[in-house]
Amino acid sequence: MEAMITMNKAKAKGKRRREADAEPEAPQPEPEPQPAAPEPQFPPNFNVSEIKNKQRRQLMYQRWRRLQRKEQLASKKKRQKERVALGDKAPPKAVPKTIENQRVYDETVVDPNDEEVAFDEATDEFSSYFSRETTPMILITTSDRPRGKTVRLCEQMSKVIPNSHVYYRRGLALKKIIPQCMARGFTDLLVINENRKVPNGLIVSHLPNGPTAHFKMSNARLAKELKRRGKEPTKHSPEVILNNFSTRLGHSIGRMFASLFPYNPHFLGRQVATFHNQRDYIFFRFHRYIFRNEKKVGLQELGPRFTLKLRSLQKGTFDSKYGEYEWVHKRHEMDSSRRKFHL
């Protein structure tokens, strides 16, 4: 009997506990939002480098940069509102200062209407190509005992340049290769050098009378290393784009690159080989363009890609001992100003 009474009391106690848990709780008041901490105000002659503590210096620099960005954004929005309000009477936009438009004047910049330049183009080594008397035929080779990446780069370049052939050197000197190339009707010789299994140099020699250009190669990437690349290139002759080769030296280098490709491109293939010169660095890209609709055009990079830096331009074919050089890059003398370019 006492056990039943104890069980009834336990049941009643559990029932009261469940009923208490089921009762809705009183709504808690939402916490008021705390006001954001005001940005620190820096004096006009504030210098972060005067702060000795490294952590404090980094923190103050981050705050200072954040404040600078806010002021720049506010100023930009204010100018946009003013231009909208003025409409057609708005002043022209200010041209930002860059290293390119602050370039030091070079007296060798080519004038398209210059008679001397036109005469030189009609009589130089590439005149037979531009007068369509010769058809480009390219031999691509490597340094002795090339590694995998250099070999694959040669194979992909043979797909980019029509009418090109790959030959792997087996201890044969370039002075022996050049006569054989001329005997077989090749018009140009490309040599891709490597260091530590990475392509690091390119020699372009125009046959039979030169000139020969030596480039430093960097950032070489194969087609498989590119993201969102297109399908394999077709056998159509690509279009060639040469950008910013403005000086007499740059004009010669641009004509050398142009003479590697057939004169009449196949527009049906929609493939473009681009040599873009910026601050004396030549960026090579190979794309295919796709017409999305009547107004939009998309690009697919096919690869490979690399960057070139001209080291020397030599008269005649390759001759490392007795060759006569037209131009040699002297780093300590020529790179004294960041705003002076040679191409």
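The values are calculated or read from the model by the stated rules, or taken from the named source; none is laboratory data. Everything numeric here is computed off the predicted structure, so don't read it as measured data. Here the Cβ is made from the backbone with ideal geometry for all residues, glycine too, and neighbour counts use every protein chain on show. Surface areas here come from the heavy atoms of the whole protein model, side chains and all, with no ligands, DNA or RNA. Shrake-Rupley method; radii C 1.70, N 1.55, O 1.52, S 1.80 Å.
So, for the chain, what is the accessible surface per residue at a probe of 1.4 Å, expressed in square angstrom?
Details: 23940 Å² over 343 residues.
Roughly 70 Å² per residue, with all protein chains present.
With bins 5 Å wide starting at 0, give me the P(r) of the range 170-253 over every alpha carbon pair, in whole percents.
Per 5 Å bin, starting at 0, the Cα pair percentages come out as 3, 10, 14, 17, 20, 19, 13, 4, 0.
Sequence neighbours fewer than 8 away in the same chain don't count; with that in mind, list the lysines whose C-alpha is under 27 Å from residue 216.
The qualifying lysines are 149, 159, 175, 176, 197, 224, 227, 309, 315, 321, 330, 340.
Explain nothing, just the number: dipole magnitude of the chain about its Cα centre with +1 on each Lys and Arg Cβ and -1 on each Asp and Glu Cβ, in debye rounded to the nearest 20.
So the magnitude is around 2200 debye.
Cα atoms only: what Rg and Dmax, in Å, come out for the range 293-343?
Taking only Cα atoms of the range 293-343, I get Rg and Dmax of 18.7, 57 Å.
Taking the Cα centre as origin and putting +1 on Lys and Arg beta-carbons and -1 on Asp and Glu beta-carbons, what dipole magnitude results for the range 86-200, to the nearest 20 debye?
Here the size comes out at about 1460 debye.
I'd like the orientation of helix 174-183 relative to the chain: the angle between its Cα long axis and the longest Cα principal axis, in ° from 0 to 90, rounded to 10.
That helix lies at roughly 70 degrees to the long axis.
Between residue 123 and residue 98, take the C-beta separation as r, use R0 = 35 Å, and let me know the FRET efficiency to the nearest 0.05. Let's see the in-between values first.
Details: r = 37 Å, r/R0 = 1.05.
It comes to 0.45.
Show me the three semi-axes of the equivalent ellipsoid for the range 73-164, from the C-alpha gyration tensor (sqrt of 5 times each eigenvalue), largest first, rounded to whole Å.
Its equivalent ellipsoid spans semi-axes of 48, 27, 15 Å.
Let me check I have the definition right: for the range 99-241, take the eigenvalues of the Cα gyration tensor, multiply each by 5, take square roots. What are those semi-axes in whole Å, largest first?
Result for the range 99-241: semi-axes of 28, 22, 17 Å.
Report the calculated FRET efficiency for residue 267 and residue 229 (r = Cβ-Cβ distance, R0 = 25 Å), to the nearest 0.05.
Working from the Cβ atoms, E equals 0.70.
Within the accessible area of the chain, what % is carbon and sulfur when the probe is 1.4 Å and the other protein chains stay in place?
Solvent-exposed carbon and sulfur of the chain make up 51 percent of the total.
On a C-alpha basis, how far is the centre of the range 46-74 from the centre of the range 121-152 in Å? Whole number, if you could?
54
Find which of 205, 195, 223 sits farthest along the positive direction of the dipole of the range 191-231, computed with +1 on the beta-carbon of Lys and Arg, -1 on that of Asp and Glu, about the Cα centre.
223
So between residue 70 and residue 116, what do we pick up on full extension, going 0.36 nm a residue minus the alpha carbon distance? Provide the component values of the computation, followed by the final result.
On the way: separation 46, 0.36 × 46 = 16.56 nm, distance 5.39 nm.
Extending this stretch completely gives an extra 11.2 nm.
In nm, give the distance between the simple-model label positions of residue 283 and residue 209, each being 7 Å from the Cα along the Cα-to-Cβ direction.
Between residue 283 and residue 209, the label points sit 3.6 nm apart.
How much space per residue, in cubic angstrom, does the convex hull of the C-alpha atoms of the range 137-189 take up?
Cα convex hull per residue, to the nearest whole number: 60 Å³.
Using the charge dipole of the chain (Lys, Arg: +1 at Cβ; Asp, Glu: -1 at Cβ; taken about the Cα centre), state which of 260, 59, 329 has its Cα farthest towards the positive end.
The listed residue farthest towards the positive side: 59.
Normalised by the residues of the chain, what does the relative contact order come to in percent, with Cα pairs under 8 Å and at least six apart?
15
Taking R0 as 22 Å, what's the FRET efficiency between residue 131 and residue 236 from their Cβ-Cβ distance, rounded to 0.05? Please list the in-between numbers first.
Numbers: r = 24 Å, r/R0 = 1.07.
Efficiency for this residue pair is about 0.40.
Mind checking the dipole of the range 156-247: about its Cα centre, +1 per Lys or Arg Cβ, -1 per Asp or Glu Cβ, Debye to the nearest 20? Kindly include the intermediate steps, with their values, before the conclusion.
Working: 16 positive and 5 negative charges, 98 e Å.
About 480 debye.
Show me 248-261, 57-70, 152-165 ranked by packing, highest mean number of other Cβ atoms within 10 Å first.
The densest-packed peptide leads the list: 248-261, 152-165, 57-70.
According to the Cα gyration tensor, what semi-axes, each the square root of 5 times an eigenvalue, does the equivalent ellipsoid of the chain have, listed from largest to smallest in whole Å?
64, 33, 24
Ranked from highest to lowest mean number of other Cβ atoms within 10 Å per residue, what is the order of the peptides 166-174, 73-81, 233-241?
Result, highest mean first: 233-241, 166-174, 73-81.
Hey, what's the Kirkwood Rh for the range 212-327 if you take every pair of different alpha carbons, in angstrom?
When all Cα pairs of the range 212-327 are included, the Kirkwood radius is 15.8 Å.
Taking only DSSP H segments of four or more residues, each worth -39500 (n - 2.57), what value at 222 nm results for the chain once the sum is divided by all its residues, to the nearest 500 deg cm²/dmol?
Taken over the chain, the calculation gives -9500 deg cm²/dmol.
Once you treat every alpha carbon in the range 210-255 as an equal point and sum by Debye, what is log10 I(q)/I(0) at q = 0.13, 0.28, 0.34 Å⁻¹?
One equal scatterer on each Cα of the range 210-255 leads to -0.55, -1.06, -1.16.
So how do 297-308, 109-120 stack up, highest first, on mean other-Cβ count within 10 Å?
Values: 297-308: 18.2, 109-120: 10.8.
Going by the mean number of other Cβ atoms within 10 Å, highest first, we get 297-308, 109-120.
Dipole of the chain (Lys/Arg Cβ +1, Asp/Glu Cβ -1, origin at the Cα centre): which of 278, 104, 128 lies farthest to the positive side?
Ranked along the dipole, the leading option is 278.
Please give the length that would be gained between residue 332 and residue 79 if that part of the chain were fully extended, namely 0.36 nm times their separation in residues minus their C-alpha to C-alpha distance (nm, one decimal).
Working: separation 253, 0.36 × 253 = 91.08 nm, distance 4.35 nm.
This chain segment gains 86.7 nm when fully extended.
Among residues other than residue 181 whose Cβ falls under 13 Å from its Cβ, what is the net charge (Lys/Arg +1, Asp/Glu -1)?
+3
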